[in-house]
Amino acid sequence: MKSVRSVVNNANAKMITTKITAGFASKVGAILAVAGSAVGLGNVWRFPTETGSNGGAAFILIYVLFMLILGVPVMVTEFVIGRHGHKDVTHSFLSLSGGRGGWRWMGLLPVVAGFLVLSYYSVVAGWTLYYAFEAGLNGFAGKDAAQYAADFAAFSSHPVWPSVWMALTVTMTCAIVALGVRRGIERGAKIMMPLLFLFIVVLVCCSLTLPGADRGLTFLFRPDFSKVTGQTVLSAMGQAFFSLSVGLCCLCTYACYFRKDVDLMKDGLKVATIDTLVALLSGLIIFPAVYSVPGLQPDAGPSLVFITLPNVFQQVFSGVPLLAYIFSLFFYLLLVMAALTSSISMLEMAAAYFHEEWRVSRPKSAVGVSLVCLLLGTACSLSFGLLAEVKVFDMTIFDLFDFLVAKFLMPVGSLLMCLFVGWVVDKEIVRQEITNQGTLRSPFYSLWFFLVRYVAPLCILLIFANELGLFGFIQKP
Ligand code: PFF
C-alpha cells in the first residue's frame, strides 16, 4: 500500500514538473549527474597528489572531517537555493531574497566561475585525453624513467598539441551540454558513471595484488599525525571544496533541475559518499602501484599522474606487457570520463545563464561559452610553454586561474551562500525545502543549519585570515 507521504511527494512532483522547462527525469539521474560533477580530476589526480605530499592517512582523516562539517553543508545550501528557484541561479537568488540587498548579482557567479574553471580544467582534461590516446597506441612501452619526464615536458610545453587536445575535450563537453539536461547531461552521467566505477574496481583489484601493495595501504590508512601542519589542514579544506564542486553555484545550477521529491540532505550525503569513495579507491589504485616499484615515493606532486604512473604501469607489469597495456589504457580512460562529467557541469553553469536569462537557444549558448573557453584555455595551455614567462602576481596564467577559482571564488562563494541561507532567507522556506514541504523528517536539519550559520562561515574566514598572513602559527612549507 502506498504511504500518504509518497502520495503527497508524487503530487508535489507533478505540480512542479508542469512549471519547469528542463529537469532531470529521475532521482537516480540527478544523483549521478551531481556525482559526475563532483567526481573528477580532483578525485583521481588532485586527491592522491595532495595525500602524497601531505603525509597520507592523517591528511585523509582531516579531509573527511572537512567534507562533513563544510563540504556537505555548503552542498545542501546550494541545493536549497537552486531547487527553490527552479529556473536558473539568478532567479533563485532573486526569489529567495525578495529582491533585497543585491543578492541577485550572485547569479553572475556561475557565469564568471564557469568560464574560469572550464578554461584551465580542460587543459588538464586534454592532457588526459592525449595520454589515453597514447596508451591506446601502446606508446608508453619500452621507455625508461627519464624519458617519461622528458616526454611530458615536451608535450605540455608544445605550442600546438596540448591546445588541440584541450579543444577536443571542450568540443565533446559542448556536444553533450547542447543536447540538453535529459538527453545530454543526465544520459551522459548514466552511461559514464557506471563505466567509471567498473574501471576503478578492475584497477583496484589489479593494484592490490602487486608486490609491495601493503606499503601503499599503510601509507594510505595508517595516520602519522606528526606530519600534520597548518598547511595540511588548509590543503584538506581546499580539497574538500574542490572535490565536491561547491562554492561556484555549479550545484545550484544542477539543483534547478531537481524534482520536488528529491531529498536534498540524503542525496547530498550520498554524493559526498560516492565522491570520497572514488577518491579513496583512486588512492588504492595509485599508492600500491607506486610502492611496488623500488625507490619510488608517492610525493611526486602533480607529475605523479603524467610522469610517475606511466613508468610505474610499465615496470610493475614488465613481465606481462598486455597487462601493462590494459592497466594504462583503463587508467587514462577513467581520468577522461571523470574529467568529462565534471567539465559538463562547468560548461552548464555558464551556458544555463545565457539560455535562461538571455533567451539564447541551448546549443548556441553552449557553443558561445565553449568558444570563449577555447580562447582562455589556449592561453592557460600555452602558459606551460610559449607564455611561461607571462606572470600576473608572480603566477602563470594557468596558476592564476587555478588560484582565482580554488583559493578565492570557491571559499567566497561558499561563505556568501552560507550567510544567505543561514541569515537572509526566511527560515520557514529553508525548512520547507529541506523537508520537502513537511513530508520528510530530516533528523539532521538543526545540525545542518547550525553548521551553515556558524561553523562553515567561521572556518572559511579563518582560511582567509591565514591567506592574508594573519596567523604566524600556520606555516607554509
Ligand atoms: N569536483 C570536480 C573535481 O573533483 O574534479 C571539479 C569541479 C567541478 C570544480 C565543477 C568546480 C565545479 F564547479
What residue, among those in the range 73-106 that are outside any loop (DSSP other than H, G, I, E, B) and among the charged types (D, E, K, R), is farthest from Gly283 (Cα to Cα)?
Arg104
Would you pick out the residues in the range 222-277 that are of a type outside the set (A, V, I, L, M) and closer than 14 Å to Gly55 by Cα?
Arg222, Pro223, Asp224, Phe225, Ser226, Lys227, Thr229, Gly230, Gln231, Thr232, Ser235
Take the residues of the range 199-232 that are under 16 Å from Pro294 (Cα atoms) and in contact with a Ser or Thr (Cβ under 9 Å, 6 or more places away or on another chain): which is surrounded by the most Cβ atoms within 10 Å (Cβ to Cβ)?
Ser207
Failed condition for Ala388, given (1) over 23 Å from Phe242 (Cβ atoms); (2) surrounded by 14 or more Cβ atoms within 10 Å (Cβ to Cβ):
(2)
Taking the criterion of being among the basic types (Lys, Arg), within 15 Å of the ligand (Cβ to nearest atom) and either within 27 Å of Ala456 (Cβ to Cβ) or touching a helix residue (DSSP H, G or I) at 6+ places or on another chain (Cβ under 7 Å) (or both), would at least one residue in the range 409-431 satisfy it?
no
Residues satisfying the stated conditions in the range 19-72, i.e. outside any helix (DSSP H, G or I), surrounded by fewer than 22 Cβ atoms within 10 Å (Cβ to Cβ) and polar (S, T, N, Q)
Thr21, Ser26
Restricting to the range 383-439, name every residue that is in contact (Cβ under 8 Å) with a residue 12 or more places away in the chain and over 30 Å from Met265 (Cα atoms).
Ser383, Phe384, Gly385, Leu386, Ala388, Thr396, Ile397, Phe398, Asp399, Phe401
Could you pull out the residue among Ile60, Ile81 that is within 16 Å of the ligand (Cβ to nearest atom), over 30 Å from Thr218 (Cα atoms) and of a type in the set (Val, Ile, Thr)?
Ile81
Val421 being modelled with pLDDT of 90 or more and buried (at least 16 other Cβ atoms within 10 Å of the Cβ)
yes
So which pairs qualify, if the first residue must be in the range 22-39 and within 15 Å of Asp263 (Cβ to Cβ), the second must be more than 16 Å from the ligand (Cβ to nearest atom) and among the aromatic types (Phe, Trp, Tyr), the Cβ gap must be under 8 Å, and the two must be at least 6 apart or on different chains?
Phe24/Phe258; Ala30/Phe24; Ala30/Phe258
Restricting to the range 117-169, give me the number of residues that are crowded, with 24+ Cβ neighbours inside 10 Å and within 16 Å of the ligand (Cβ to nearest atom).
14
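The values are calculated or read from the model by the stated rules, or taken from the named source; none is laboratory data. Worth saying up front: this structure is predicted, and the values here are computed from it rather than measured. Glycine gets a Cβ as well: all are built from the backbone with ideal geometry, and neighbour counts include every protein chain shown.
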